Structure formats: C-alpha cells, structure tokens
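Every number here is computed from the coordinates shown, using simple stated rules; none is lab data. On a predicted model such as this, the values are computed, not experimentally measured, just so you know. So basically every Cβ, Gly included, is an ideal-geometry build from the backbone, and we count neighbours across all protein chains shown.
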Ligand SMILES: [Mn+2]
C-alpha cells in the first residue's frame, strides 16, 4: 500500500472517535515504545480513547519517555489487558508484523475479531488482514513512519511529547544515526521534531548515559572474555550464559547494544549475540552491507527482522544453539567474505 493510499484509508478508519489499542512487540525497544506513544498521543488529539500495550516490560532507560507510565504490560496485568483488548474497536499494530512478536498477547490477538491497522518497517508482512497498512522497509524506524503520518495531518499535531517520543525511536533504531538511514528525509523529519522536543542532547543522555556499573562491566566482560572471532567467516560471536548474566546482576536491557561492538572491527561482517534466558536461547544478529541477517534468522532461528539487524530464538541448550550457529556458517562463507 503506497503512502497516499494508506493516508486515504486511515482517514476513513479514524474519522469517528473509537476505542483504540496501540500494540507493539515483545521485549519492546526504543522504537516500539516511541512509535506507540507518539501514535497514541496523536490519536488522542483526534478524540479517540487510546491505550498502549506490550507483552512484557521495557528497559528502565525508556521509563522517562513522555506517557511511558501509562503503558499496559500484559504479563503484569493480563486481566485488565484482556478487558481493554475485548472492548477495543480497533487495534493498531506498530513495529512488528509477525504474530509471534506479540508475545503473550498472541493467543488473545488471534481469538479477537477486531479490525487492525499496521505501521511497520520489517520485512515479509504476513500475519493478518489489515484495514490499512503502512509497511516500508526503506525507512529508519516505525517512529519515522508515524512521524510521516502525523505530519501528513499537519505539523500542528506535533507537540513536545510526540516529538520527543519520535526522536527516541529514530535515534535508537539507527544506533544514533550510524545505520538504517536510507534517505535524507529521515533528517528533515528529525529537524522538525527537534524544533518541538526537549533538547536533543538531553534525549541522547537520557537514553544512552544510564548504565549501571554492572552493565558496563558486563559489556567489558562480553568483549574481553567472551568474543569469539571466526576470521574465515568474518563473523564474531558473543555467547552469554544465564549464570554469567546473573553474576553481573542482569537487568532487562543490559545486553542492549552489546552485539554492535564487534562490527566496529574492520574485518567483521556479521556479529551474533547469543543469550540464555528462561528456557530459551535468544539470538541477536547484526551485519554490515548487503549481507542479510534477516535471511539467516528466518531460515534457521525462528526469527527475522531487517537486512542488517535481526533476531531469533531456539528452545535448546546453549551448547546445542552454538553448535547450530557454527554448522550453518559454511553455507554463508562466500557471501560473508564479499566486499
Ligand atoms: Mn523498529
């Protein structure tokens, strides 16, 4: 669906005041929270009754975001969340496109016959029929798409909260403007947001300069002690067991960004962070250039995402997970060694 077609369809959908639930993905990141809050604040201005919901809690470094305290966390209050979902007229799906990414909310979502709209920048949308969908992989973030949507309705809708939330989404999904920039409009949109937001320096500081001592030491340990370099495959792997995470008093979000560091090595094309959580092994993939970690994650690790950033999970032991990862590398050897 092209932009004009989407805006046209959205016009009809949001004309009359409704009860709308804005839903984003499990393990929410800055873009999930930023896009959801900004879109909900815009819908509220249009007179809708809006709730924001995610499956599980978001990291502490996003808790300051305008409106974050009113987000419903499904695993903390599933009864209230079920009631909200059941009484909704419309569900807005933001920053994900596969039902498994709804986390604990997926079964409820499947059982409800409620109209849905989608705004997302991931590949291969396939889980549902939407009243209207804005799906574009050539943008930095879902927050950028939400900003485009709001700006389409008029710059006067952008206030300090909306602008700040959008900026958090774009800054975090581009690694502070270091990747996923596909066109100059990303910066034009940011310029418009910075005019209205709290100071950009402050946003950056609030998001990035919030480490606990344990988190910084975990990062140091991950790189010094745990980074495995496979020169043959231009690949780096960092695997952190449950016990290792616990020894640094792991908190949600503490491994955020760890996977990016090995890519700063000139010779590395793909970086993989493998972490052991309750019963599952989580994979986070990053790459440089045209090598698609989305394909690797989708084919072998029940996941997906973007060309240069993707995730996946396996239900097995850490040893089995690492064995599988090593086993599939030869298939990609030629591609990983291309310039
Ligand atoms: Mn995103």
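If packing is taken as the average number of other Cβ atoms within 10 Å across a peptide's residues, how do 83-92, 321-330 rank, most packed first? Please report the intermediate quantities before stating the final value.
Numbers: 83-92: 17.9, 321-330: 15.2.
Going from most to least packed, we get 83-92, 321-330.
Normalised by the number of residues in region 3-208, the mean separation of alpha-carbon contacts (under 8 Å, six or more apart) gives a relative contact order of 24 percent. Structural size metrics of region 213-336, computed from C-alpha coordinates, are Rg and Dmax of 13.5, 40 Å. Between residue 265 and residue 106, the contour length at 0.36 nm per residue exceeds the alpha carbon distance by 53.4 nm. For residue 19 and residue 317, compute 0.36 nm times the residue count separating them, minus their Cα-Cα distance, and round to one decimal in nm. Extra length available between residue 19 and residue 317 comes to 102.9 nm. Remark: spin-label model distance residue 128-residue 225 equals 4.3 nm, labels positioned 7 Å along the Cα→Cβ axis. Projecting label points 7 angstrom from Cα along Cα→Cβ for residue 199 and residue 243 puts them 4.7 nm apart. Between residue 56 and residue 232, the FRET efficiency from the beta-carbon distance, with R0 = 41 Å, is close to 0.65.
Bridge orientation summary for region 178-287: considering DSSP beta bridges with both residues in this region, about 65 percent are antiparallel.
Between residue 89 and residue 252, the contour length at 0.36 nm per residue exceeds the Cα-Cα span by 55.4 nm. Taking every DSSP beta bridge that has both ends in the chain, the antiparallel portion is near 40%.
When the Cα centres of region 219-268 and region 314-339 are compared, how far apart do they sit, in Å? When both Cα centres are located, 16 Å separates them.
What's the whole-number percent of alpha carbon pairs in region 1-123 lying beyond 25 angstrom?
For region 1-123, the share of Cα pairs beyond 25 Å comes to 17 percent.
Sorted fewest first by neighbouring Cβ atoms within 10 angstrom, 79, 120, 107 come out as 79, 107, 120. Treating r as the C-beta distance of residue 337 and residue 5 and R0 as 51 Å, the FRET efficiency rounds to 0.75. For the pair residue 49 and residue 211, label points projected 7 Å from Cα toward Cβ lie 4.6 nm apart.
Using a Förster distance of 22 Å, how high is the FRET efficiency between residue 137 and residue 176, based on the Cβ-Cβ distance and rounded to 0.05? Kindly include the intermediate steps, with their values, before the conclusion.
Working: r = 21 Å, r/R0 = 0.94.
For residue 137 and residue 176, the calculated efficiency is 0.60.
Each of 217, 70, 101 was scored by other Cβ atoms within 10 Å of its Cβ. Arranged with the fewest first, they read 70, 217, 101. Remark: region 277-336 is approximated by an ellipsoid whose semi-axes, taken from the C-alpha gyration tensor as √(5λ), come to 20, 14, 8 Å, largest first.
Counting only Cα atoms, region 173-282 measures 45, 34, 25 Å along its principal axes, largest extent leading.
Mean projection of the Cα convex hull over all viewing directions, computed for region 3-208: 10.2 nm².
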